[in-house]
Amino acid sequence: MNAVNTMTLPRRKAALPASASIPTGIVGLDEILGGGLPPQSNILLYGDPLSGKKPLGMQYVYEGLRMQIPGIFVLTDFSYLDWKSKMAHSGWDLEPFERTGMVQFIDCYSRQFDPSLADSGVVSYADSPAALSSISLQLARVQDQLVQSFDNHRLLFHSISSLLKETDSSTFFRFLQFMVGKFRREGATAMYTVEKGMHDEKDIKMIEHFMDGVIEFEDGKITARGLLGCRHGWQSYTVSEKGVEIRN
């Protein structure tokens, strides 16, 4: 089983920039972050449902693709096809990147409703958000192929709230600790979304413990914390079909 289209994936290394951070490509966000994100960092996107975490995560991976940085989407509460449709609605066409294998999907949602789904092209399926071993295996297959050609890639895990809801907390945190370490080793700069108000405060604090930084959304304002050089304080933002627009 081969989840990545290795026939067309560029056989080259994408050199990391000499600076201490990599620009996200999202106007306004890089200013808040002090230039971008550190390579191999793990970032929590934390906010209420419909606050803008999903479009910001989509933008983050898509802007990387435009810079020839491959991307992985891990989906626990949307299907591969629904996710692509939502991105296309904002003008983020993934088809060119699918043809070259630059973008990959781990769909942890769809097999709950159609167990017959088989891995094909750029999409690999896990049985459910609770199937942590299956998710880990699919991610390993995809990343093993990407790291042969690229020093770094982007990853969005949407959302780990589903994993925490579907598994006991000790199992979830062992999985998260393993994933965070693995992503650092494999050159992934990863974002994870978590829904505010769905989890105990102690669980949120434990998740933050594993992260390198947090981007938080609240009442039409956004802030970043935990990263060197990030701007303190809250900035206004709006969410539109074009994604998240931050007014600095």
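The values are calculated or read from the model by the stated rules, or taken from the named source; none is laboratory data. Quantities reported herein were computed from a predicted structural model and do not represent experimental measurements. A quick note on method: Cβ atoms are made from the backbone with ideal geometry, for glycine too, and the neighbour counts reach across all protein chains shown.
Couple of notes before you dig in:
- For beta carbons closer than 7 Å, sequence separation of 6+ or different chains, a first residue in the range 138-161 that is in contact (Cβ under 8 Å) with a residue 24 or more places away in the chain and a second that is assigned to a loop (DSSP other than H, G, I, E, B) and of a type in the set (Lys, Arg), the qualifying pairs are Ser149/Arg11; Ser149/Arg12; Ser149/Lys13; Phe150/Lys13; Asp151/Lys13.
- Gly233 fulfils the conditions (1) over 19 Å from the mean Cα position of the chain (by Cα); (2) in a strand (DSSP E or B) except for a single criterion, (2).
- Just so you know, in the range 181-206 the residues that are surrounded by 20 or more Cβ atoms within 10 Å (Cβ to Cβ) and β-branched (Val, Ile, Thr) include one that is farthest from Gln59 (Cα to Cα), and it is Val194.
For (1) touching a strand residue (DSSP E or B) at 6+ places or on another chain (Cβ under 8 Å); (2) assigned to a loop (DSSP other than H, G, I, E, B); (3) aromatic (Phe, Trp, Tyr); (4) in contact (Cβ under 8 Å) with a residue 12 or more places away in the chain, each residue gets a yes or a no:
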position: Ala20; (1), (2), (3), (4): no, yes, no, yes
position: Pro39; (1), (2), (3), (4): yes, yes, no, yes
position: Leu45; (1), (2), (3), (4): yes, no, no, yes
position: Leu56; (1), (2), (3), (4): yes, no, no, yes
position: Tyr60; (1), (2), (3), (4): yes, no, yes, yes
position: Phe78; (1), (2), (3), (4): yes, yes, yes, yes
position: Met87; (1), (2), (3), (4): no, no, no, yes
position: Pro96; (1), (2), (3), (4): no, no, no, no
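- Filter result (within 19 Å of Leu155 (Cβ to Cβ), assigned to a helix (DSSP H, G or I) and touching a helix residue (DSSP H, G or I) at 6+ places or on another chain (Cβ under 7 Å)) within the range 179-206: Val180, Glu186
- Condition check for Leu176: of a type outside the set (Ser, Thr, Tyr), assigned to a loop (DSSP other than H, G, I, E, B) and in contact with a helix residue (DSSP H, G or I) (Cβ under 7 Å, 6 or more places away or on another chain): no
- Single condition Arg174 does not satisfy, out of (1) under 22 Å from Phe78 (Cα atoms); (2) free of Cβ contacts under 8 Å to residues at least 24 places away in the same chain: (1)
- Asp219 vs. criteria out of contact with any strand residue (DSSP E or B) (no Cβ under 6 Å at 6 or more places or on another chain), modelled with pLDDT under 95, closer than 16 Å to Lys53 by Cα and exposed (fewer than 14 other Cβ atoms within 10 Å of the Cβ): yes
- Only a single item in (1) at pLDDT 95 or above; (2) within 19 Å of Lys84 (Cβ to Cβ); (3) of a type in the set (Ser, Thr, Tyr) is not met by Ser120, and it is number (1).
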